[in-house]
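Since the structure comes first, as structure tokens, the remarks are kept for the end.
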Amino acid sequence: MKMNDFEAVIGLEVHAELKTASKIFCSCSTAFGASPNTQCCPICMGLPGALPCLNRRAVELAAMAGLALDCTVSPLCRTDRKQYFYPDLPKAYQISQAELPLCRNGFLTIKTLAGERRIGISRIHIEEDAGKLIHSEGSTLIDYNRSGIPLIEIVSEPDLHTGREAADYLRALRAVLVSCGVTDGKMQEGSLRCDVNVSVRRVGEKKLGVRTEIKNINSFVFVEKAIEYEIQRHAALLADGKEVPFETRRYDEASGKTVLMRVKERAEDYRFMKEPDLPPIYLREEEIEALRAMLPELPDARAERLVREYAIAEDDARILCSDRALADYFEAVADNCRYPRLAANLLLTDLLRRCQTDPFHSPVSAQRLSSLAALLGEGTVNSTTAKKLLQRLCEGDFDLSATVECESLGQIRDEAILKKTVLETLEELPRAVSDYKNGKTAAIKSLQGRVMARTQGRADPVMTERLLKTLLAEYEVEQHV
Ligand SMILES: [Zn+2]
């Protein structure tokens, strides 16, 4: 089977929890992590007679998402009942939006390996989340704390063609939504999750293949892997002359495969009806314009500005701007620093790796990272020492300059001292010296390592290498007969 004979058509439906303090139709808290069923009331549990009351903030946040994604925001829209039965949905209907969504016809530009691509966004609508089923020891429990959390569903056009592209789109979408304060975007807590529609056809065919829906994927990596697996699976079926069944599947993280959830016989019929308990939603032109004026600088524009203002690498700028808090932190560091490139490097390669659990609430203050970049940039300490100091700052705050002074951590750049150490090292490691002399130039690494060890990691690495090369050239190896 040649994969080049096939092409995939992919669309994403992304659900994002809106960052409101209370739920969409009642005043229950939306805080994550509370004990099960402690944040619910008759409205979010759907008890008979309870009446919903729309949280205006949810509408504003949803409209902001639409504006950030270049959508048209409708001045008038309404809510509808999407009717289906499932134990996590006690009303047996979800309040959502059908024909008249809040936002339509937007797009998001993503950067891919093949250049920039514009991915269409057909609609964004508001809806309520359902409760959560917890399966344990052969029984199923239900937590209704999540029931009634406000969501937006962002439906893309089927403009994506590979798993990588879909993951890039999801990353860019998350960055935009988080930068606007629409959602906290914590995929591990489920506040951003996505359903993927994949179909595959032979290249040149106009008609779309039968699509599979993969439900509730909650990581960028899994989105990419699930799609790539699914494309291969469809292509293999088509290559064998078989039909792809119309199915809903889920991604199994352990096996890296998608597995069948249910076979669909036809498109679901949700019997949408107008929600009779809620009035239409009006947004005046002035309100929409006021929300537009509140939009912050979006991630792409910010990345371009960081490159311009601080002369950092484009890739670094993009990673920094993938999360607003991270970019804010970097700017706080770089604003008072003559070495923003070094600061970006320390932040992205060392600091983020050390505080993986919560990288955006760094234990190291912006001022300290700025000072550390300065010590490194001015050559007071070398990069080995800088990394060690950063590690210590992650464990607890201290004054950098005083510590460097007190503990004599400064870089050794005195030529006479370094020369002496290098000569002693050559005496100590005659084997490495003769290897080097016999053409094994990599032997210089072990000599460099020994010089570093002798100086507790403080030797200037560039000077060390230069001195080693010069002295090795002059060095006579004793010949043993
Ligand atoms: Zn409630």
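The values are calculated or read from the model by the stated rules, or taken from the named source; none is laboratory data. Remember, it's a predicted structure, so these values are computed and weren't measured experimentally. Cβ sites come from the backbone with ideal geometry, for glycine too, and all protein chains shown count toward neighbours. Accessible surface areas use protein heavy atoms only, side chains included; no ligands, DNA or RNA. Shrake-Rupley method; radii C 1.70, N 1.55, O 1.52, S 1.80 Å.
Would you pull out the residues with amide H under 5 Å of residue 252's amide H, same chain only if 5 or more places away, H placed 1.01 Å from N?
257, 258, 259
Quick one: angle between helix 163-179 and the longest Cα principal axis of the chain, in degrees between 0 and 90, rounded to 10, please.
90
Out of the GluC sites (Glu not before Pro) in region 440-477, which ones are loop residues according to DSSP with at most 14 other C-beta atoms within 10 Å?
On the way: sites: 465, 474, 476; in loops: 476.
Loop-located and lightly packed - 476.
Quick one: length gained pulling residue 271 to residue 295 fully straight, 0.36 nm per residue minus the C-alpha distance? Show your work: numbers first, answer last.
Numbers: separation 24, 0.36 × 24 = 8.64 nm, distance 3.65 nm.
Answer, rounded to one decimal: 5.0 nm.
What residues have an amide H closer than 5 Å to that of residue 98, excluding those fewer than 5 places away on the same chain, when H is modeled at 1.01 Å from N in the peptide plane?
Residues meeting the amide H criterion: 80.
Would you please give the FRET efficiency between residue 76 and residue 140, computed as 1/(1 + (r/R0)^6) with r the Cβ-Cβ distance and R0 = 30 Å, to the nearest 0.05?
Values: r = 41 Å, r/R0 = 1.36.
After rounding, the FRET efficiency stands at 0.15.
Per residue of the chain, what 222 nm ellipticity follows from adding -39500 (n - 2.57) for every DSSP H run with n ≥ 4, rounded to the nearest 500? Walk me through the intermediate numbers first.
Working: 15 runs with 175 residues, N = 481.
One gets -11000 deg cm²/dmol as the mean residue ellipticity at 222 nm.
Determine one quarter of the surface area of the Cα convex hull of region 3-286, which equals its mean projected area, and express it in nm² to one decimal. Before the final figure, lay out each step's value.
Working: hull surface 64.8 nm².
So the Cα hull casts an average projection of 16.2 nm².
Report the paramagnetic label zone for residue 112: residues of region 1-21 whose backbone N is under 19 Å from a point 7 Å from Cα along the Cα-to-Cβ axis.
3-14
With charges only on Cβ, +1 for K and R and -1 for D and E, what is the dipole size of the chain about its Cα centre, in debye, rounded to 20?
Working: 65 positive and 72 negative charges, 155 e Å.
In total the dipole reaches around 740 debye.
With unit charges on the beta carbon (Lys/Arg positive, Asp/Glu negative), name the residue among 365, 311, 352 whose Cα is farthest towards the positive pole of the charge dipole of region 299-406.
352
Give the value in nm², to one decimal: projected area of the alpha carbon convex hull of region 136-204, averaged over all directions. Don't jump to the answer; show the numbers that get you there.
On the way: hull surface 30.3 nm².
Projected over every direction and averaged, the Cα hull of region 136-204 covers 7.6 nm².
Residues with amide H under 5 Å of residue 459's amide H, sequence separation 5 or more or different chain, H placed in the peptide plane at 1.01 Å from N; which?
412
Output the Cα-based Rg and Dmax of the chain in Å, rounding Rg to one decimal and Dmax to a whole number.
When restricted to Cα atoms, the chain yields Rg and Dmax of 29.3, 103 Å.
Residue 240 to residue 367: extension gain in nm, 0.36 nm per residue of separation minus the Cα-Cα distance? All intermediate terms of the calculation are to be shown ahead of the outcome.
Values: separation 127, 0.36 × 127 = 45.72 nm, distance 6.24 nm.
The residue 240-residue 367 span can extend by a further 39.5 nm.
Per residue, how much accessible area does region 415-474 show when a 1.4 Å probe rolls over the protein heavy atoms, in square angstrom? Walk me through the numbers before you get to the answer.
Working: 3390 Å² over 60 residues.
Each residue of region 415-474 exposes 57 Å² on average to a 1.4 Å probe.
Could you state the angle between the C-alpha long axis of helix 220-239 and the longest principal axis of the C-alpha atoms of the chain, as a value from 0 to 90 degrees rounded to the nearest 10?
Rounded to the nearest ten degrees, it is 70.
Given a 1.4 Å probe, how much area per residue of region 299-406 is accessible, in Å²?
On the way: 5390 Å² over 108 residues.
Value for region 299-406: 50 Å² per residue.
Give the whole-number value, in cubic angstrom per residue, of the convex hull volume spanned by the C-alpha atoms of region 109-255.
Values: hull volume 22.1 nm³, N = 147.
Here the figure is 150 Å³ per residue.
How many percent of the accessible area of the chain is carbon or sulfur, using a 1.4 Å probe?
Values: 12610 of 24470 Å².
Its accessible area is 52 percent carbon and sulfur atoms.
Once phi is turned into ³J(HN,Hα) by the Karplus curve 6.51 cos²θ - 1.76 cosθ + 1.60 with θ = phi - 60°, what whole-Hz value does each residue of region 2-17 show in order, with x for glycine and proline?
9, 5, 5, 6, 10, 9, 9, 10, 10, x, 10, 10, 9, 9, 10, 6
What's the FRET efficiency of residue 248 with residue 313 using the Cβ-Cβ distance as r and R₀ = 56 Å, to the nearest 0.05? List each step's numbers first, then the result.
Values: r = 42 Å, r/R0 = 0.75.
Efficiency computed from Cβ-Cβ geometry: 0.85.
For region 239-268 and region 420-481, write down the distance between their C-alpha centroids in whole Å.
The two parts, judged by their Cα centres, are 62 Å apart.
What is the calculated FRET efficiency for residue 403 to residue 335, with r their C-beta to C-beta distance and R₀ = 30 Å, to the nearest 0.05?
Working: r = 24 Å, r/R0 = 0.79.
After rounding to 0.05, the efficiency reads 0.80.
List the trypsin sites (Lys or Arg not before Pro) within region 433-464 that fall in a DSSP loop (any state other than H, G, I, E or B) and whose Cβ has at most 12 other Cβ atoms within 10 Å. Don't skip to the end; give the middle numbers.
Numbers: sites: 437, 440, 445, 450, 454, 458; in loops: 440, 458.
Passing both the DSSP loop test and the Cβ count: 440.
Count neighbours as other Cβ atoms within 10 Å of each site's Cβ, and list the chymotrypsin sites (Phe, Trp or Tyr not before Pro) in region 1-101 that are DSSP loop with at most 15 such neighbours. Please report the intermediate quantities before stating the final value.
Numbers: sites: 6, 25, 32, 84, 85, 93; in loops: 25, 32, 84, 85.
Filter output for region 1-101: 32, 84, 85.
So what is the accessible area of region 3-286 per residue, in Å², with the probe set to 1.4 Å? Intermediate results must be reported in sequence, preceding the final value.
Numbers: 13370 Å² over 284 residues.
In whole numbers, region 3-286 has 47 Å² accessible per residue.
Over region 380-481, what number does the Rg to Rh ratio reach, with both radii from the alpha-carbon atoms and Rh per Kirkwood? Display every interim value, and only then the final one.
On the way: Rg = 16.1 Å, Rh = 14.9 Å.
Result for region 380-481 is an Rg/Rh of 1.09.
Label region 232-329 by shape, choosing from rounded, prolate and oblate, from the square roots a ≥ b ≥ c of the eigenvalues of the Cα gyration tensor; if a/c is under 1.5 it is rounded, and otherwise prolate applies when a/b is larger than b/c, oblate when it is not. Write down the numbers at each step before the final one.
Values: a/c = 3.34, a/b = 1.32, b/c = 2.53.
Here region 232-329 falls in the oblate category.
Give me the percent of Cα-Cα pairs in region 415-474 that sit more than 18 Å apart, rounded to a whole number. Show your work: numbers first, answer last.
Working: 363 of 1770 pairs.
When all Cα pairs of region 415-474 are counted, 21 percent exceed 18 Å.
Read phi for every residue in region 146-159 and hand back ³J(HN,Hα) as whole Hz from Karplus 6.51 cos²θ - 1.76 cosθ + 1.60, θ = phi - 60°, with x for Gly and Pro.
7, 5, x, 5, x, 10, 10, 10, 10, 9, 8, 6, x, 9
Please report the spacing between the Cα centers of region 157-236 and region 92-124 in Å, no decimals.
Using only Cα atoms, the two centres lie 13 Å from each other.
Anything over 31 Å Cα to Cα? Flag those among 2/82; 388/419; 206/264; 207/257; 215/387, in the order listed.
2/82; 215/387
Give me the number: length gained by fully extending residue 462 to residue 413, i.e. 0.36 nm times residue separation minus the C-alpha to C-alpha distance, one decimal in nm. All intermediate terms of the calculation are to be shown ahead of the outcome.
Details: separation 49, 0.36 × 49 = 17.64 nm, distance 0.96 nm.
Working it through step by step, the gained length comes to 16.7 nm.
Can you tell me the orientation of helix 415-428 relative to the chain, as the angle in degrees between its alpha-carbon axis and the longest Cα principal axis, to the nearest 10?
Helix 415-428 and the main axis of the chain meet at about 90 degrees.
Just need the relative contact order of the chain here, percent rounded to a whole number, with Cα pairs under 8 Å and 6+ apart. Could the numbers behind the result be given before it?
On the way: 843 pairs, mean separation 65.0, N = 481.
So the answer I get is 14 percent.
Regarding region 299-406, what are the three Cα extents along the principal axes, ordered largest first, in Å?
44, 30, 20
Based on the alpha-carbon gyration tensor of region 343-422 and its eigenvalue square roots a ≥ b ≥ c, which shape applies: rounded if a/c is under 1.5, prolate if not and a/b is larger than b/c, or oblate?
Details: a/c = 2.49, a/b = 2.05, b/c = 1.21.
Note, shape of region 343-422 comes out prolate.
Each residue of region 92-98 in turn: what ³J(HN,Hα) in whole Hz from Karplus with 6.51, -1.76, 1.60 and θ = phi - 60°, glycine and Pro shown as x?
6, 8, 10, 7, 9, 10, 9
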